[in-house]
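Accompanying notes for the structure given below.
The values are calculated or read from the model by the stated rules, or taken from the named source; none is laboratory data. Here the structure is a predicted model, which means the values were calculated and not measured. Backbone-built Cβ (ideal geometry, glycine too); neighbour counts: all protein chains shown.
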Amino acid sequence: MALIVTQDGSHSIFAEQYGVTYHSKYGAVTESAHVFIDAGLRFKAVVEPQLAILEVGFGTGLNAYMTWLEAERRNLQVQYTTLEAYPIETEEARLFNFAEQLRVPGRQADFERLHTCAWGRTLKLSEHFTLLKKRIRLENFRAAGAFDLIYFDAFAPQAQPELWTEAIFERLFAALRPEGVLVTYCAKGNFKRTLKKVGFAVERLPGPPGKREMTRAQKDGAPST
């Protein structure tokens, strides 16, 4: 995979199989902070200091890493489950400059640990962050009422249309607890209509650089807009 420097200086990679990058060319760290940390984690942490998070698409590990750091800053207890069918190689992960870009160069080993730790085992990586990596396709994953927050970070609908179906989002709706939230960078009209059809209340939010909008959807939430 080709290493790419995005506009904020942080790294991404190009997935040749799907013809897309793992993160926005306008800034990998900037996009993850805006979509998943600000609109997701911080939004839920206001009222819930203990959070069970499901990530769809472990990818580079950036979202997990930023969540770990944020949990420590905010004194949160986070149980983090992440799904990935095709993990990147550990040697590739060691090249990423996320620790440097997030101004925690002393935490590079912690970032690498996200990639080297065992799959399929629940591991307490710190007082504030517990990780479970599952090597599984989303289509084969099921859970009921287990999560407070979902990071939906699959490749875009044109690259992986099988992950953006009504059946998938029915399953994710069921996986959330009452008042649970799903956040994603995608704001396509068909996608938002699908979310509403399965029962989500959909909120349009300003997007990260390069995107006009993003989406936050809530189970048993406010009326759709």
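Collect the residues in the stretch 170-215 that are closer than 15 Å to Val56 by Cβ and of a type in the set (D, E, K, R), keeping them in residue-number order.
If the condition is that a residue be closer than 15 Å to Val56 by Cβ and of a type in the set (D, E, K, R), then Glu170, Arg171 are the ones that fit.
Report, ordered by the first and then the second residue, all pairs with beta carbons closer than 6 Å, sequence separation of six or more or different chains, a first member in the stretch 47-64 that is within 23 Å of Thr30 (Cβ to Cβ), and a second member that is among the acidic types (Asp, Glu) and part of a strand (DSSP E or B).
Leu51/Asp148; Asn63/Glu55
Here's a check for you: in the stretch 33-53, which residue that is in contact with a Phe, Trp or Tyr (Cβ under 9 Å, 6 or more places away or on another chain) and of a type in the set (Gly, Ala, Ser) is nearest to Met66 (Cα to Cα)? Steps first, please.
Going through the stretch 33-53, the residues in contact with a Phe, Trp or Tyr (Cβ under 9 Å, 6 or more places away or on another chain) turn out to be 34-36, 40-41, 51-53.
Narrowing further to those that are of a type in the set (Gly, Ala, Ser): 40, 52.
Numbers: Gly40: 12, Ala52: 15 Å.
That would be Gly40.
Is one or more of the residues making up the stretch 165-187 at positive phi and not β-branched (Val, Ile, Thr)?
Looking for residues that are at positive phi and not β-branched (Val, Ile, Thr), one finds at least one in the stretch 165-187, hence yes.
Where residues in the stretch 84-102 are over 16 Å from the mean Cα position of the chain (by Cα) and small (Gly, Ala, Ser), which of them is farthest from Ala118 (Cα to Cα)?
Ranking the qualifying residues of the stretch 84-102, first place goes to Ala99.
Are any of the residues in the stretch 57-65 polar (S, T, N, Q) and surrounded by fewer than 18 Cβ atoms within 10 Å (Cβ to Cβ)?
no
Tell me whether the stretch 76-83 contains one or more residues that are touching a residue at least 12 places away in the same chain (Cβ under 8 Å), surrounded by fewer than 18 Cβ atoms within 10 Å (Cβ to Cβ), farther than 20 Å from Phe36 by Cα and within 18 Å of the chain's Cα centre (by Cα).
Here is the first cut: in the stretch 76-83, the residues touching a residue at least 12 places away in the same chain (Cβ under 8 Å) are 76-83.
When the remaining residues are screened for being surrounded by fewer than 18 Cβ atoms within 10 Å (Cβ to Cβ), the result is 77.
Restricting the remaining residues to those that are farther than 20 Å from Phe36 by Cα gives none.
No, there is no match, as no residue in the stretch 76-83 is touching a residue at least 12 places away in the same chain (Cβ under 8 Å), surrounded by fewer than 18 Cβ atoms within 10 Å (Cβ to Cβ), farther than 20 Å from Phe36 by Cα and within 18 Å of the chain's Cα centre (by Cα).
In the stretch 105-155, which residues are surrounded by 15 or more Cβ atoms within 10 Å (Cβ to Cβ) and either of a type in the set (A, V, I, L, M) or free of Cβ contacts under 8 Å to residues at least 12 places away in the same chain (or both)?
Once the filter is applied, which keeps residues that are surrounded by 15 or more Cβ atoms within 10 Å (Cβ to Cβ) and either of a type in the set (A, V, I, L, M) or free of Cβ contacts under 8 Å to residues at least 12 places away in the same chain (or both), the stretch 105-155 yields Gln108, Leu114, Leu125, Leu131, Leu132, Leu138, Ala146, Leu149, Ile150, Ala154.
Out of the residues in the stretch 88-100 that are of a type outside the set (Val, Ile, Thr) and touching a strand residue (DSSP E or B) at 6+ places or on another chain (Cβ under 8 Å), which is modelled with the lowest pLDDT?
Filtering the stretch 88-100 down to residues of a type outside the set (Val, Ile, Thr) leaves 89, 91-100.
When the remaining residues are screened for being touching a strand residue (DSSP E or B) at 6+ places or on another chain (Cβ under 8 Å), the result is 92, 95-98.
On the way: Glu92: 92, Leu95: 95, Phe96: 97, Asn97: 97, Phe98: 98.
Ranking the candidates gives Glu92 first.
What are the residue pairs meeting all of these: first residue in the stretch 84-102, first residue without any contact (Cβ under 8 Å) to a residue 60 or more places away in the chain and buried (at least 17 other Cβ atoms within 10 Å of the Cβ), second residue assigned to a helix (DSSP H, G or I) and aromatic (Phe, Trp, Tyr), Cβ atoms under 6 Å, and 6 or more apart or on different chains?
Matching pairs, first to second residue: Ala99/Phe111.
Could you check, for the stretch 43-56, whether at least one of its residues is of a type in the set (S, T, N, Q) and surrounded by 24 or more Cβ atoms within 10 Å (Cβ to Cβ)?
Checked the stretch 43-56: no residue is of a type in the set (S, T, N, Q) and surrounded by 24 or more Cβ atoms within 10 Å (Cβ to Cβ).
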